[in-house]
Structures are given as structure tokens and as C-alpha cells.
Amino acid sequence: MLATFGGREDGGVDRVAGSPADLASRVWLADRITAAGLHAWTDEVGNVFGRQPGSRGPWLLTGSHTDTVPVGGRLDGAYGAIAAVEVLRTLHEAGHPAAAAVETVGFWDEEGVLPTSNGGLVGSGTLVESGHIDEITGFVELHVEQGPRLESRRSTLAAVEGIVGIDRYLVVVRGQANHAGTTPMNVRADAGRAVAKIAAHLWETANEVDESMVVNVGAMQLYPGAPNVVPGEAHLTVEFRAESELSLLRAVERTRALVRRIGTEQGCSVEVSQLSHKPVVRFEDGYVDRIHEVCVRHDPTAARLMSYAGHDASALSSRVPTGMIFVPSTAGISHSPVEQTPKDDLILGAQVLLDLLVELESSRSHAVPVHSEAR
Ligand SMILES: [Zn+2]
């Protein structure tokens, strides 16, 4: 199975995009599509597609990515890519008319581990810029939650409402590098102390703005970086993720005020610059409602929630109606060899995907009968 490509003894997977394991896994995926009696094809970037032989589109696309982070898990991405093929195989073997209108995809480089991948979503980003997107009527991605929310509410399914916005900033603090022994404490302009105080306050800053937002200080550097030199300069990166653009704006306003206050207090100059902005993505309400309805049929406690992780669905949503289905991640752990989901939940997710594709496809062909007869 797919997890043997880049498989590790600890149960994890190393299948970074472009690695030999990743390339071999794409050949395997295409072979598996062919073995299911379907037609496999690969686009110029390396996305692997599957459809019923002879089907002429347009297609409702479903799938996910097949690459992983280094020392990643078996389910992130792979689950949705494989389930898509299994669902289409099932429809094809049953002779169901929806089979002709569904296409599967295993996306290239979602994770963006390589410095050249510019933050990820490379395969899905390429698809939405290609001519093939005009033949796609919608996109549904089945994925593990990668967080603890479903498990904590004892739900087995969620309809995803969208993807949080992500803002990254660089904070630069400049003080005065000096002798760490001879400089009295009360005259130091210690950039290290200032940046540590800023980092320590950011959790509260974010929480005061919006209790549902998250903040991360993922990198900090002190310069020149020696035990006997008072740091003359310090850098800190901060990342905010929030369900609303307003929260992201208010968080950075407060951060700028915090940084100014601590800079002044510590005798340092400060600078806050934005590194990147990924806007909040909201999936089409109608699509989310349909997905939630199907989820509720299988689990009355099915949730509606925002994803705090990025997904290929965010690229697709810029061009076509898009939705996602989540199943739980055991203990909320992902991007790790211990990433797991109970087998029953994995099967349930695939069943929901199948029901949803049939429903979306039949309502679409009813909605435009002339068009469907014409093709
Ligand atoms: Zn993923």
C-alpha cells in the first residue's frame, strides 16, 4: 500500500515531494487506478488523475495529496487520495451513472517542504491555473482533521466551512551590543531581553483579540549570539491563524503596540514587517450545507468547523465550488509517525464521500438536464 513508499520502521512516512519514494508512489497510484479498470493520466506538474475510460466530462473532482512532510504520518493526504480512487472504483463497478462524472486526483507537493515549493499547494495551484479547471464542476477533499476538536466532541465527521487566514510577521529589535560583564544592567539596551518579553506577551495578545485564534513564535535569533555579548539585535517570527480577517488585523495592531511599548521600555528600536498573508477561505455555504447534511445522516453529532491547517481545497476554492470532509485524528496528532484514525472512522469517511458524490452529481444533472443530454 501507499505507506510502504517512504515507509519508516516507526510507522511514519518520509515522502517529501520529488523524493524517489514520492515519485515511485505516483507510479503506484496510477497503476492502482488502472488496475481498478479506470483511466489514469498525469499532468505536466505531476498530479495523478483517474477517471472512467471514455468519460468526457465535466467532472466533479475528489482527492488529496500524496506527498508528506519529513517523518510524517500515513494518513495526511494519502487517505483522501486513496479513498477517492476506491469510491470511483465502487461506482464504476456498480455501473452507477455518477462514475462518468467523477475524477480523482493525487496532488503533487501540497506540503511545500522544499525551498523551491513556495509554501506548498504546488500541484493544486498549478491545476487551477490550467485549462483542465474549466472541465471541473466542483471539488471535495476527504482528509484527517489533524487536530483534537472532533475527538473532544466525540464526533466522527465534520463538514469543513473553510480555512483560517494565516499572517506571518518578522519583528526586528535593535539595541546596543555591549560587554556582558562590564555594562551595568540599568544602562543596557538589550535586544534579547526585549524580544523575549514580546514573545512572552503574544499569547495573551492573541487571546484578548479572539479566543479561537492561534499564535506561534516559531523562530527567534539573537545577534551576535555569544554568551558574553549583550544582544545588539534580535529577530522573532510570529504567525497568527484566525477565522476572520478582522481578528488578524486586530492582532497585528495590538502586536505593533506591544512591540513599541516594550521597545521604548528597553531602550531599543523596533520594526514589524509582514512576511506573508493568506486570506481566510470560506467554502460556498450551499456546498458546506450539503456536506453537513450527508455527514449528519451518518453521525447526528457531525460538526461544522474551520480548518486551522492549509489544504489543496483552498487553491481549488478560488475557481470551483469546494468542500471538505474531516474524520478524527487520534489524540489530535498529525505530521507525526503516530498519526492515526480509527479504522471505522476511515471507512465511514469514504462512505460519506461516496454518498456525497452521488448526491451532488445527481442534483447537478437534474439541474441542467439539457446540458447533460447534450454531452
Ligand atoms: Zn494534508
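The values are calculated or read from the model by the stated rules, or taken from the named source; none is laboratory data. Owing to the predicted nature of the structure, the values given are computational and were not obtained by experimental measurement. Note that we place each Cβ from the backbone using ideal geometry, even for glycine, and neighbour counts take in every protein chain shown. When the accessible area is computed, the model is the full protein with side chains, heavy atoms only, and any ligands, DNA or RNA have been set aside. Shrake-Rupley method; radii C 1.70, N 1.55, O 1.52, S 1.80 Å.
Within segment 61-107, take every residue that is within 14 Å of the ligand (Cβ to nearest atom), of a type in the set (Val, Ile, Thr) and crowded, with 24+ Cβ neighbours inside 10 Å and give me the one that is farthest from residue 13 (Cα to Cα).
105
Report whether or not residue 5 is aromatic (Phe, Trp, Tyr), within 15 Å of the ligand (Cβ to nearest atom) and within 26 Å of residue 330 (Cβ to Cβ).
Numbers: aromatic (Phe, Trp, Tyr): yes; within 15 Å of the ligand (Cβ to nearest atom): no; within 26 Å of residue 330 (Cβ to Cβ): yes.
Here the answer is no, as residue 5 does not meet what is asked.
Which one of these is open to solvent by 70 Å² or more (accessible area, probe 1.4 Å) and not polar (S, T, N, Q): 236, 222?
Details: 236 fails: open to solvent by 70 Å² or more (accessible area, probe 1.4 Å).
The match here is 222.
Looking at (1) of a type in the set (Gly, Ala, Ser); (2) outside the structural domain of residue 139 (by TED's automatic domain parsing); (3) within 20 Å of the chain's Cα centre (by Cα), find the lone condition where residue 303 falls short.
All conditions pass for residue 303, except number (2).
Restricting the search to segment 17-37, which residues are of a type in the set (Val, Ile, Thr) and surrounded by fewer than 20 Cβ atoms within 10 Å (Cβ to Cβ)? So that I can check it myself, show each step before the final result.
Filtering segment 17-37 down to residues of a type in the set (Val, Ile, Thr) leaves 27, 33-34.
Of everything in segment 17-37, those that are of a type in the set (Val, Ile, Thr) and surrounded by fewer than 20 Cβ atoms within 10 Å (Cβ to Cβ) turn out to be 27, 34.
Give me a count of the residues in segment 48-57 that are within 19 Å of residue 353 (Cβ to Cβ) and not in a strand (DSSP E or B). Before you say what the answer is, go through the steps one by one.
Going residue by residue through segment 48-57, those that are within 19 Å of residue 353 (Cβ to Cβ) are 48-52, 55.
Retained after the next criterion (residues that are not in a strand (DSSP E or B)): 52, 55.
Going through segment 48-57 one residue at a time, the tally reaches 2.
For residue 49, indicate whether it is within 21 Å of residue 7 (Cβ to Cβ), out of contact with any Leu (no Cβ under 7 Å at 6 or more places or on another chain) and touching a residue at least 12 places away in the same chain (Cβ under 8 Å). Show your work before the answer.
Details: within 21 Å of residue 7 (Cβ to Cβ): no; out of contact with any Leu (no Cβ under 7 Å at 6 or more places or on another chain): yes; touching a residue at least 12 places away in the same chain (Cβ under 8 Å): yes.
So residue 49 does not fit the description; no.
Condition (residue is small (Gly, Ala, Ser) and under 21 Å from the mean Cα position of the chain (by Cα)) applied to segment 279-287: is it met by at least one residue?
At the first step, the residues of segment 279-287 found to be small (Gly, Ala, Ser) are 286.
From the residues that got through so far, the ones that are under 21 Å from the mean Cα position of the chain (by Cα) too are none.
No; the residues of segment 279-287 include none that is small (Gly, Ala, Ser) and under 21 Å from the mean Cα position of the chain (by Cα).
Any residue in segment 115-129 that is buried (at least 24 other Cβ atoms within 10 Å of the Cβ) and either more than 16 Å from the chain's Cα centre (by Cα) or basic (Lys, Arg) (or both)?
Yes, that holds for at least one residue.
Only one of (1) over 24 Å from residue 321 (Cβ atoms); (2) free of Cβ contacts under 8 Å to residues at least 24 places away in the same chain is not met by residue 41, so which one is it?
In the conditions (1) over 24 Å from residue 321 (Cβ atoms); (2) free of Cβ contacts under 8 Å to residues at least 24 places away in the same chain, residue 41 misses (1) alone.
How do the strands (runs of 3 or more DSSP E) wholly within segment 123-219 filter down when requiring 3 or more residues that are more than 16 Å from the ligand (Cβ to nearest atom) and out of contact with any His (no Cβ under 6 Å at 6 or more places or on another chain): which remain? Break it down stepwise before answering.
Working: elements: 136-144, 158-163, 165-174.
Result: 136-144, 165-174.
Just to check your reading of the model, which residue among 354, 346, 316, 275 is touching a strand residue (DSSP E or B) at 6+ places or on another chain (Cβ under 9 Å), away from the ligand (no atom under 15 Å from the Cβ) and in contact (Cβ under 8 Å) with a residue 12 or more places away in the chain? Give the derivation first.
Values: 354 fails: touching a strand residue (DSSP E or B) at 6+ places or on another chain (Cβ under 9 Å); 346 fails: away from the ligand (no atom under 15 Å from the Cβ); 316 fails: away from the ligand (no atom under 15 Å from the Cβ).
Among 354, 346, 316, 275, only 275 is touching a strand residue (DSSP E or B) at 6+ places or on another chain (Cβ under 9 Å), away from the ligand (no atom under 15 Å from the Cβ) and in contact (Cβ under 8 Å) with a residue 12 or more places away in the chain.
Please enumerate the residues belonging to segment 166-192 that are buried (at least 22 other Cβ atoms within 10 Å of the Cβ) and either more than 15 Å from residue 271 (Cα to Cα) or in contact (Cβ under 8 Å) with a residue 60 or more places away in the chain (or both). Talk me through it step by step, then tell me what you get.
Pass one, segment 166-192, residues buried (at least 22 other Cβ atoms within 10 Å of the Cβ): 167, 171, 173, 175, 190-192.
Correct list: 167, 171, 173, 175, 190, 191.
Please go through segment 32-47 and pick out each residue that is under 22 Å from the mean Cα position of the chain (by Cα) and either assigned to a helix (DSSP H, G or I) or within 16 Å of the ligand (Cβ to nearest atom) (or both).
Within segment 32-47, just 47 meets the criteria.
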